[in-house]
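Student: Submitted below is the structure of interest, expressed as structure tokens.
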Amino acid sequence: GEDVEQSLFLSVREGDSSVINCTYTDSSSTYLYWYKQEPGAGLQLLTYIFSNMDMKQDQRLTVLLNKKDKHLSLRIADTQTGDSAIYFCAERFSGNTPLVFGKGTRLSVIA
Amino acid sequence: NAGVTQTPKFQVLKTGQSMTLQCAQDMNHEYMSWYRQDPGMGLRLIHYSVGAGITDQGEVPNGYNVSRSTTEDFPLRLLSAAPSQTSVYFCASSYTRGQGGVTGELFFGEGSRLTVL
């Protein structure tokens, strides 16, 4: 079955880079996502990558995909206190199938 | 655009009571879903729908009912509330493949926090 795994906690100093890792099991996933959840709020899409891509960069965010190892990572450059949140990795086969989430990584940024 | 709207935002129930969590979206999304979020458990899928008249079970459907009579609305019913259903509930929607959805992005409501005593 489908399963998405990620570590639960990460702590970094302000200005450093953060790297959040995720592994997934469904090799047929078409879309892979990173969602961000701030306290008391819903989830917002941070970025996504198609399964036929290896890398995607968007300002401070870099997503790397290793399909062979089913490994997805999110790098946040120059991490700020406003980046403190829970980050969810998720996979989806198509717009007709459910989106499967990992348990979330709580990122704490120390000033 | 309102996006995905959930009501109520907060609710306290007694064990055995029933209630309906409302979800409405104004983006013409055919795909809608309900998740529950519990500490350390991430988001777990309760039910989902790929269009009006079509629903399917997710990972944790027991104790919950859904229906999809219109594209816009996808209510979640708790039949007889139990303390184990204390959670934060999220409704989310997206375009389906048939609608030409390119990214498959799921749009989320702000959540409904339910406490069952």
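Student: So, of the residues in segment B:76-117 that are more than 14 Å from the chain's Cα centre (by Cα) and part of a strand (DSSP E or B), which turns out to be nearest to A:GLN44 (Cα to Cα)?
Tutor: Just the residues of segment B:76-117 that are more than 14 Å from the chain's Cα centre (by Cα), to begin with: B:79-84, B:86, B:95-105, B:115-117.
With part of a strand (DSSP E or B) added as a condition, the list becomes B:115-116.
Values: B:THR115: 24, B:VAL116: 27 Å.
Result: B:THR115.
Student: Still on this structure, I have one more. Within segment B:1-19, restricting attention to residues that are in contact with a strand residue (DSSP E or B) (Cβ under 7 Å, 6 or more places away or on another chain) and outside any strand (DSSP E or B), which residue is farthest from B:SER87 (Cα to Cα)?
Tutor: My answer is B:GLY3.
Student: Related question: In segment B:92-114, how many residues are facing chain A (nearest Cβ under 7 Å), touching a residue at least 40 places away in the same chain (Cβ under 8 Å) and of a type in the set (Ser, Thr, Tyr)?
Tutor: 3
Student: Which strands (runs of 3 or more DSSP E) sit wholly inside segment A:3-111 and have at least 2 residues that are at the interface with another protein chain (Cβ under 10 Å from one of its Cβ atoms) and free of Cβ contacts under 8 Å to residues at least 24 places away in the same chain?
Tutor: A:43-50
Student: Sticking with this structure for a sec: Between a first residue in segment B:8-20 that is open to solvent by 90 Å² or more (accessible area, probe 1.4 Å) and a second residue that is in a loop (DSSP other than H, G, I, E, B), which pairs have beta carbons less than 6 Å apart while being 6 or more apart in sequence or on different chains?
Tutor: Short answer, once both residue conditions are applied: B:LYS14/B:LEU117.
Student: I'm trying to understand the selection: among the residues of segment B:64-74, which are within 23 Å of B:GLN17 (Cβ to Cβ) and assigned to a loop (DSSP other than H, G, I, E, B)?
Tutor: Residues satisfying the conditions are B:SER67, B:PHE74.
Student: Does segment B:60-75 hold any residues that are within 13 Å of the chain's Cα centre (by Cα) and within 20 Å of A:PHE101 (Cβ to Cβ), and which are they?
Tutor: Step one: list which residues in segment B:60-75 are within 13 Å of the chain's Cα centre (by Cα), which gives B:60-61, B:64-68, B:72-75.
The answer is B:VAL60, B:PRO61, B:TYR64, B:VAL66, B:PHE74.
Student: Determine whether segment A:93-100 contains at least one residue that is open to solvent by less than 20 Å² (accessible area, probe 1.4 Å) and within 18 Å of A:THR23 (Cβ to Cβ). If you could, list the steps in order and put the result at the bottom.
Tutor: Here is the first cut: in segment A:93-100, the ones open to solvent by less than 20 Å² (accessible area, probe 1.4 Å) are A:94-95, A:99.
Still in the list and also within 18 Å of A:THR23 (Cβ to Cβ): A:99.
Yes, some residue in segment A:93-100 is open to solvent by less than 20 Å² (accessible area, probe 1.4 Å) and within 18 Å of A:THR23 (Cβ to Cβ).
Student: Could you look through segment A:57-69, keep only residues that are within 13 Å of the chain's Cα centre (by Cα) and under 16 Å from A:GLU91 (Cα atoms), and pick out the one that is most open to solvent (accessible area, probe 1.4 Å)?
Tutor: So the residue we want is A:LEU64.
The values are calculated or read from the model by the stated rules, or taken from the named source; none is laboratory data. Note that this is a predicted model, so its numbers are computed, not measured. Cβ: placed from backbone, ideal geometry, glycine included. Neighbour counts: every protein chain shown. For the accessible areas, the whole protein counts, side chains as well, though only heavy atoms, and no ligand, DNA or RNA atoms are used. Shrake-Rupley method; radii C 1.70, N 1.55, O 1.52, S 1.80 Å.
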